[in-house]
Every structure is written in C-alpha cells, then in structure tokens.
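The values are calculated or read from the model by the stated rules, or taken from the named source; none is laboratory data. Just so you know, these numbers come straight off a predicted model, no measurement behind them. Heads up, the Cβs are rebuilt from the backbone with ideal geometry, glycines too, and the neighbour counts pull from every protein chain shown. In case anyone asks, the SASA skips ligands and DNA or RNA and just uses the protein heavy atoms, side chains included. Shrake-Rupley method; radii C 1.70, N 1.55, O 1.52, S 1.80 Å.
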Amino acid sequence: MIHGYFLCAYRKGTGVVDLPGKREGSCATLVRSDGTSLYLTRDLAAAVDRMDKYHCERMIYVTDKSQGNHFQHLFQILKIMGYKWADGCHHIPFGLVQEMKTRRGDVLFLEDVLDEAHTRMLQNMASSETTKELEDPHDTAEKVGLAALILQDFKGPLLSDYRFDWDQALQSRGDTGVFLQYTHARLHSLEEMCGGGTSNDFNAACLQDPQAISILQHLLRYDEVLFKSLEDLQPKYIVNYLLALSHFAGVAHKTLPVKGSAAEVAQARLQLFKAARSVLNSGMKLLGIKPVKKM
C-alpha cells in the first residue's frame, strides 16, 4: 500500500514520509531499516480497511493523551494519500487516573477494578438501612458499581488527570453514579406504586409548581445537550445534565406527592416523573450504564 502511493523516501534504509505544515525536515517513519512496519504503518492500513468495510461518517480513536502526535501523523498521512474522509477522523485523548488502588495492590487491571467496585458496592448495600430486598443483589451491585466508575471518569473533561477515591465514587448522595441509579430506582418504584398511569393524557395546567417547572425546563434541554456532546465528543455534558435532572427530581419527589393528591394533579405529576425517568434512563444508557429498577 505504502509503495503504491509513493509515500516513502528512503533515508539510510528507513522509509519516511515528509509532513506538510510542520517545521522543515519534519517527517514520520513508516518502515524500519530492516523492512518491518511500525504502529503507524499498521494503523494506516487498518484505517483504510475499516473505511472500506464500514463506510462510516466519522472514525474516532480514544486513547491516552500521550498518543497525540501519533494520531496527528496518522491523519496527515491519510490526507496525503488522498483520502478525503480523513477529515472525519478524530483523536479523543484522555488523562490519567491517579491514586487508584484495589485490595490486590497498585498494579491495576480492568477486571480487578470492576471486581473491587462490585465488592465495595455489595458491602455498602448490605450495611445500608434503605436497601430493599433484591432478587439478585450481586447483579445490582455490579450495575451500580459500574455506574460509579463511569460517572467518576466522565463528569470532567476527558483530557484532565484526576485523583480517584473509592469512598467518594461510591457515595449514594452527591454527584455520583450511585446517586443516578438511586434516583432511577426511586422513580421506577413510584411508577409501580401508582400503577404506572393508565393514560398518558394529563392536564399541564396542574404543573405550575416551581419544582415541576424546573424539571420541565430541564427536560427541554435534552436534545441540546446531546448535540453538544456529539459536537465536542465529550460525555461530561450528558453526565452533568443527568445529575442536575436527578437533583430536580429528588426535590420534586419530596414536595409534589402523587398519592393523596387530587386525581387530575396526581396524573399530571406522575407523567412528569415518568418523563424524568425516561430521559434519565436514556442518558444513562448512552453513557454505558444499565439502569436498575430497585436498590
């Protein structure tokens, strides 16, 4: 492929390609002096093969920030090769997680981190007075623990380094994945308790309370937040939106009772909470979180 595009100039047996727009003499190596390829060479072939197979609109590479130059060179060379779709190639760099440890030590593997989150969450659930009886507490602990890890990783700019703290990540209150799961489960429980509502019709005039208006105005911003996340390729916008929605829903749950209210008011409030849970469910799934119905 490389030879077919006449990309390489061989200098002392090493195949290099000159990079435009850089300082004079700047180049990237594609072939070693012994004729073997490098990561860059293989990534070029993989990108072309991937586009030939999938015809995607965008190709997004998510790696740590130390790989920035590598992907800059990759995209430049693809453009030199005449691939117009290279403009749709993006590198999303992420920062480092500092001070993360598991009970097994400092050397971390993903399996160890997931096991640690599951174990700690299971212990937290067992010691909490508010935990409901669950059919499969291990499954719930796994889903809630994973939500905690995802939120901790996504709520800030991906490029930023951050210090990890297990106790903070697994808090049930505050801006955590546990809080999102708790809110979703609470709203689902409300729907079950009230029968889920026999009709989606309701009188919007019954939703004049400030707490209801806060939720309604926030729900209207969901499309805008999704567009912003897609445009910037940053999940933090969705995370912060869902956290704010959960706080609004928590306040409204305390101040806008469904049971005991007049039928028309109860129906309107129930539909409001159903809409909030539906958007919360949708956003959590976009982040890779599986919402729980009980915890």
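Of the residues 46, 169, 204, the one that moves most in a GNM of the chain with alpha-carbon contacts below 10 Å is 46. Between residue 173 and residue 133, take the C-beta separation as r, use R0 = 25 Å, and let me know the FRET efficiency to the nearest 0.05. Once the sixth-power term is evaluated, E becomes 0.70. Per-residue Karplus couplings for the range 71-88, computed as 6.51 cos²θ - 1.76 cosθ + 1.60 with θ equal to phi - 60°, are listed in order as 6, 4, 5, 4, 5, 5, 5, 4, 5, 4, 6, x, 7, 5, 5, 4, 5, x Hz, Gly and Pro entered as x.
If you wrap a convex hull around the alpha carbons of the range 98-203, what volume per residue comes out, as a whole number of Å³?
Measuring per residue, one finds 148 Å³ for the Cα hull of the range 98-203.
Helical runs assigned H by DSSP (4 residues or longer) give the chain a calculated mean residue ellipticity at 222 nm of -17000 deg cm²/dmol, each run adding -39500 (n - 2.57) before division by the residue total.
As an exercise, identify the GluC sites (Glu not before Pro) in the range 126-174 lying in DSSP coil whose Cβ has no more than 10 other Cβ atoms within 10 Å.
Passing both the DSSP loop test and the Cβ count: 129, 133, 135.
For the pair residue 53 and residue 286, the difference between a 0.36 nm per residue extended length and the Cα-Cα distance amounts to 81.4 nm. Taken per residue, the accessible surface of the chain reaches 57 Å², heavy atoms only and a 1.4 Å probe.
What the Cβ-Cβ distance of residue 293 and residue 37 gives, at R0 = 51 Å and to the nearest 0.05, is a FRET efficiency of 0.50. The length gained on full extension between residue 60 and residue 84, counted as 0.36 nm times the residue separation minus their Cα-Cα distance, comes to 7.1 nm.
Loop sites only, by DSSP: take the trypsin sites (Lys or Arg not before Pro) in the chain that have at most 10 other C-beta atoms within 10 Å and name the longest stretch containing none of them. That gives 174-258 as the longest site-free run. Segment residue 26..residue 264, full-extension length gain: 78.5 nm, with 0.36 nm per residue of separation and the alpha-carbon distance subtracted. For the range 116-216, the relative contact order is 21 percent, taking Cα pairs closer than 8 Å that sit 6 or more residues apart in sequence and dividing their mean separation by the residue count. Over the chain, the pair-distance histogram of Cα-Cα distances with 10 Å bins from zero comes to 5, 22, 23, 20, 15, 9, 4, 1, 0 percent, rounded to whole numbers. The label point for residue 109 and the one for residue 72, both projected 7 Å from the Cα toward the Cβ, are 3.5 nm apart. Each DSSP beta bridge with both residues in the chain is either parallel or antiparallel, and the antiparallel ones are about 55%. Projected label points at residue 10 and residue 275, each 7 Å from Cα along the beta carbon direction, are separated by 6.9 nanometres. Cα centroids of the range 13-79 and the range 163-238: 42 Å apart.
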